[in-house]
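Below is one structure; the comments refer to it alone.
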Amino acid sequence: MNYEELLEARNDVRNKKYWLPIGDYYRQQTDGKWRGTVDVRKELHESITFSKALEEEAEKNKTLATRHQLHFDVVKEDGVISQLTLEPGNYMTVEQLLIDNPAVVAQKDFYGDVFKALVDTTTYLHQQGIYHVCFSPKTVFVRKGDNAIMLLSHGSFYFGLKDQRAFYGKCADFVAPEVLDRGTIDERCDVYSIAKFMTAICDTSDIPLEYRQAYKKAASESPEDRYASPQAMMAAIRSRHNTFNTLRALIIAGIIAAICVGIFFEMVPETEQVEFVKPAPRQATDDLLDDGFSPDELGVASDGDSLVPDADMERAYQAKAEEIFRKRYEKEADRVLSKIYNKNYMNNSEKKFMTESENTVNELMRLQNELGAEAGLTPERSQLVASSIIERITNQKKKAMGGTNSRGVQTPDAKK
């Protein structure tokens, strides 16, 4: 290292410079006030494409009305932008935040708030025809104090540069492959980068299950395999979260019920004779239906030429689709839930029981999505029907498991 490089390294430490694709960010005191500053990389100005893109972004920056956007003024030298002066405030990169306070990711709502802020901001930017492209701990800022997410420079302005990998440098791993190959740039490249960023700021083992599965799809190498937009990714996470919470509540309730039933029956001194009820006699109407009875025999004639209104046809179609889904999902849910509602699982501790039930949750949600799509149901409707089926089957299996205890004592349900 020569003398000039040594001085530059010393100044970087003193000024706490942070590398960005467009330059180096640091804080300096001006007129007694500290403000964030970005020194634009001089080598980039050798490209006329970059200089024009920076001018364009500087003009657009003034019009962006979102509280997560960092605004800036420009400083020019010889007619070329050499420096950006950020709006007043104390800002640092997420990378520096995690170095100074690594426990911040464990704070209540931090993870969810960061994800929501990124989705809300990118949705707004996409409406303006802007794509951030590179969400990295080195390029995403937070405001000191409330840790509010702030974005500075957006990658879509610089898509004209020939070597995208060289431009993003240390952050290239957070950029979608198609952007680095200068293929396409759209909402799906931000979906990819957000997933990479959210995975990077938290240990994989600490990421909530519903987020983890969504990020796996969002970070697919092929754009066609990802979510169409950040909003679609958020909707998928919320759907998984609701389904998982429903099943988790049922499992916990089942564990508590099993414990209570066991304690109760241990206290019962003796068994009682069970009185069985005979099946109800077969109704006459059942015979008519079995014999191929038709409503036409009662004088209700059907007009084959009449047309059913479109609304009635749609309701009939939806009812049939739901019936098909209900029958198929009920069969599959019974099979899946039978894996955890048995003596081996119910004798485990609650923590172990919850851990071993994760695969069951994933399988139920996968079946819901697949069977719902095949039946032509909306995700919301299939989730509602699936939740009711899961709850009913779970209750049935809890009753079945509580039928008799180890001493042969019958449950109240069995006595009835």
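Yes/no matrix, rows are residues, columns are (1) hydroxyl-bearing (Ser, Thr, Tyr); (2) in contact (Cβ under 8 Å) with a residue 40 or more places away in the chain; (3) within 23 Å of residue 214 (Cα to Cα); (4) touching a strand residue (DSSP E or B) at 6+ places or on another chain (Cβ under 7 Å):
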position	(1), (2), (3), (4)
66	yes, yes, no, no
72	no, yes, no, yes
116	no, yes, yes, no
121	yes, yes, yes, yes
145	no, yes, no, no
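Would you mind stating whether residue 87 is touching a His at 6+ places or on another chain (Cβ under 7 Å) and of a type in the set (D, E, K, R)?
Values: touching a His at 6+ places or on another chain (Cβ under 7 Å): yes; of a type in the set (D, E, K, R): yes.
In short, yes.
Per this entry, residue 96 is not counted among residues that are open to solvent by less than 50 Å² (accessible area, probe 1.4 Å) and either part of a strand (DSSP E or B) or in contact with a His (Cβ under 7 Å, 6 or more places away or on another chain) (or both). Taking the criterion of being open to solvent by less than 20 Å² (accessible area, probe 1.4 Å) and assigned to a helix (DSSP H, G or I), the residues of region 163-177 that qualify are 164, 167, 168, 171, 172.
Being more than 19 Å from residue 60 (Cα to Cα) and touching a Pro at 6+ places or on another chain (Cβ under 6 Å): is that true of residue 188 here?
On the way: more than 19 Å from residue 60 (Cα to Cα): yes; touching a Pro at 6+ places or on another chain (Cβ under 6 Å): yes.
It is true that residue 188 is more than 19 Å from residue 60 (Cα to Cα) and touching a Pro at 6+ places or on another chain (Cβ under 6 Å).
All told, residue 91 meets the bar of being crowded, with 17+ Cβ neighbours inside 10 Å, at pLDDT below 95 and of a type outside the set (Lys, Arg).
Is region 117-128 home to any residue that is more than 13 Å from residue 153 (Cβ to Cβ), aromatic (Phe, Trp, Tyr) and assigned to a helix (DSSP H, G or I)? Yes. Residues in region 132-159 that are in contact with a helix residue (DSSP H, G or I) (Cβ under 7 Å, 6 or more places away or on another chain), open to solvent by 10 Å² or more (accessible area, probe 1.4 Å), over 15 Å from residue 68 (Cβ atoms) and part of a loop (DSSP other than H, G, I, E, B): 137, 138. Contact map, region 188-212: first residue assigned to a helix (DSSP H, G or I) and modelled with pLDDT under 95, second residue of a type in the set (D, E, K, R) and open to solvent by 20 Å² or more (accessible area, probe 1.4 Å), Cβ cut-off under 9 Å, separation 6 or more or different chains; pairs are 199/212; 200/173; 204/212; 209/240; 209/358; 210/238; 210/240; 211/240.
To keep it simple, each residue is scored yes or no on (1) in contact with a Gly (Cβ under 7 Å, 6 or more places away or on another chain); (2) not in a helix (DSSP H, G or I).
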{"residue": "50", "(1), (2)": "no, no"}
{"residue": "53", "(1), (2)": "yes, no"}
{"residue": "56", "(1), (2)": "no, no"}
{"residue": "60", "(1), (2)": "no, no"}
{"residue": "76", "(1), (2)": "no, yes"}
{"residue": "85", "(1), (2)": "no, yes"}
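The residues on offer are 398, 352, and the sole one that is over 30 Å from residue 316 (Cβ atoms), part of a helix (DSSP H, G or I) and at pLDDT 70 or above is 398.
For region 1-48, residues that are acidic (Asp, Glu), assigned to a helix (DSSP H, G or I) and at pLDDT 75 or above total 2.
Being exposed (fewer than 13 other Cβ atoms within 10 Å of the Cβ) and not small (Gly, Ala, Ser) is the filter; apply it to region 61-70 and report the residue that is nearest to residue 45 (Cα to Cα).
If we filter region 61-70 for residues that are exposed (fewer than 13 other Cβ atoms within 10 Å of the Cβ), which is where we start, we get 62-63, 65, 67.
Imposing the further condition that a residue be not small (Gly, Ala, Ser) reduces the set to 62-63, 67.
Details: 62: 22, 63: 24, 67: 30 Å.
Of everything passing the filter in region 61-70, 62 is nearest to residue 45 (Cα to Cα).
Of all residues in region 373-393, exactly one satisfies the criterion of being under 17 Å from residue 335 (Cβ atoms) and small (Gly, Ala, Ser), namely 386.
The values are calculated or read from the model by the stated rules, or taken from the named source; none is laboratory data. The shown structure was predicted, so the numbers you read here are calculated from the model rather than taken from an experiment. No Cβ is skipped: glycine too gets one built from the backbone with ideal geometry, and neighbour counts run over all protein chains shown. These accessible areas exclude ligands, DNA and RNA; they are computed on the full protein's heavy atoms, side chains included. Shrake-Rupley method; radii C 1.70, N 1.55, O 1.52, S 1.80 Å.
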